[in-house]
1. What is the mean projected area of the alpha carbon convex hull for the stretch 1-111, to one decimal in square nanometres?
2. What does the convex hull of the Cα atoms come to per residue for the stretch 278-383, in Å³?
3. Find the percent of Cα-Cα distances in the stretch 237-316 that exceed 17 Å, and round it to a whole number.
4. Could I have the simple spin-label model distance between HIS174 and ALA76, label points 7 Å from Cα toward Cβ, reported in nm to one decimal?
5. Of the listed pairs LYS25/LYS110; LYS18/LYS364; LYS260/LYS364; LYS110/LYS238, which have alpha-carbon separations greater than 32 Å here?
6. Under unit Cβ charges (Lys, Arg +1; Asp, Glu -1), what dipole magnitude, rounded to 20 debye, does the stretch 199-264 have relative to its Cα centre?
7. So for the stretch 1-132, averaging the separation of alpha carbon pairs under 8 Å that are six or more residues apart and normalising by length, what relative contact order in percent results?
8. Between HIS329 and GLU342, what is the spin-label point distance in nm, taking each point 7 Å from the Cα along the Cα→C-beta axis?
Amino acid sequence: MLKQNHRAWVEVDLSAIKHNVHQLKSLLTAPTELMAIVKADAYGHGAIDVSQTAIEAGATWLGVATIPEGIQLRCAGITVPIVVLGATNGVDEIKAIAEYRLQPTICNPKQALIYHDVLSQIGEQVPVHLKIDTGMSRLGVNWQEAIAFVQLVQHLPNLEIISVYSHFATADEHDRTFMELQTQRFEQIIAALKTEGLYPPRIHICNTAAMLCDRQIHFDIVRTGLGLYGLYPAPHLKNIVDLRPALTVKARITQVKEIKAGTSVSYGRSFIASQDMTMATVAIGYADGIPRGLSNRIRVSVNGQKVSQIGTITMDQCAIDVTHVSNVHVGDVVTFLGGASENTADDWANLLGTISWEVLCGFKHRLPRINVVGEIRKPEALSGASQIGLE
C-alpha cells in the first residue's frame, strides 16, 4: 500500500460553523428554533461533521433535500428531527422515511393520500410538514387551497402534522414588495387555520436572508443554509451578524518550470507569456470544482504571496505564475479559495455571473474534506488525516 499526501483537498473549519450558529441564534427569541440546512453534503462542507457541530452549537433541527441524505445522518447516530425538504412519492421512499424516522414534506393532496395508503399497509405513522406555495411556484399546494389541504391531512390518521411552512422567492433582494406579499399570504393562511381550529404545532417561512432582514417573521423555526457556512445572501445583509466562512480549498504544486517569452500555456493557448517566466502546475482543475470559467481571472496564494492563475483550467490541473515567488518547490501548497488566498465564494460567483451557493456545492468528492478547528493547520501538520492509501 502506497501512502501519499493529498493532491488537493478542502479544509472545513468546524469552529467557524459553531461560531455562525451562535451568531444566527443570537437573532432569535425563545422559543424559536434553528434548523441547519445540510443538504448537498452541507453545501460541500461534509454533512455529518457539520450536522454534529451545528447541533452542539444549538441547532435543534436538520434539513436535507433527499432521503439518502437523511439516512446518512441517521446512520451516523444523529437523532434530532430531520426534515426532507424535497418531494417524495414512491412506495420505497415512504417506507424508508418511516424506517429511518425522517420527516417528509407533503406538497399536495395526492401525495398525502399516497403516503396514507402506504403507511396504513405497513402500520406506521410519520410526522409531516405541509408545504404551502405562497409565490415560489416550486413545491407546495397553492396558497388559496391551503385550508382544504390541511383539513384533508388532519383526517389522515397515519400522518401527524408537525408544521406548515412556505418559502420566500426574493428574501435576498432590496425590494421587499414580493416578500411582503408572500408574508401576507402566509399569515392569512395561519390566521384562517387558527379560526378553523387547525393551527399547526409549528409554522416557519424564513431562510437565512429572511431571518436576517425581518425578526418579526421568525415564527417557530428558521431554516438557515448559507449563513451556517459563513456567507451572506446579499451585500446589504452583511452588517447584521458576524459570519465566518468555513471552507478553504488547497492543492499542491506538481511541477515547476521555466518558460520563454512567447510560450503558450494550456489548451487553446489562452495565455501567452509576455516575458520569460516561472510557471508552476497545480494538481486541481474543473473536475474538482475550480470552474473553467475562472481561467486567467483569479489570483491564488502560494508561500504567502498572491500570484495569478494562467492558461485554461483543465480537468485535473491548472497553472500559476510564480516568477516572483522565491523558493517554490514541488509539493508546496496553493490556496485557491478562503484562507490566505482571501478569495471568497462571493468573489468567484461575481466573476462567473452566478451565486455563492453554486460555487460551494461545486467542489467534488474526490477532494477529501479535512476538518480543522480554530486556526487552519499547516499542510505539513496534516500527517495522519492527509494520507490516502492506494492499493
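1. So the Cα hull casts an average projection of 9.9 nm².
2. 109
3. Result for the distance tail: 54 percent.
4. Going by the 7 Å Cα→Cβ label model, 3.9 nm.
5. LYS25/LYS110; LYS260/LYS364; LYS110/LYS238
6. In debye, rounded to 20, the stretch 199-264 gives about 360.
7. Across the stretch 1-132, relative contact order equals 17 percent.
8. In this crude label model, HIS329 to GLU342 measures out at 2.7 nm.
The values are calculated or read from the model by the stated rules, or taken from the named source; none is laboratory data. Keep in mind the model is a prediction, meaning the values are calculated, not measured. In this analysis, Cβ positions are derived from the backbone assuming ideal geometry, glycine residues included, and neighbour counts consider all displayed protein chains. Only protein heavy atoms, including side chains, enter the accessible area calculation; ligands, DNA and RNA are left aside. Shrake-Rupley method; radii C 1.70, N 1.55, O 1.52, S 1.80 Å.
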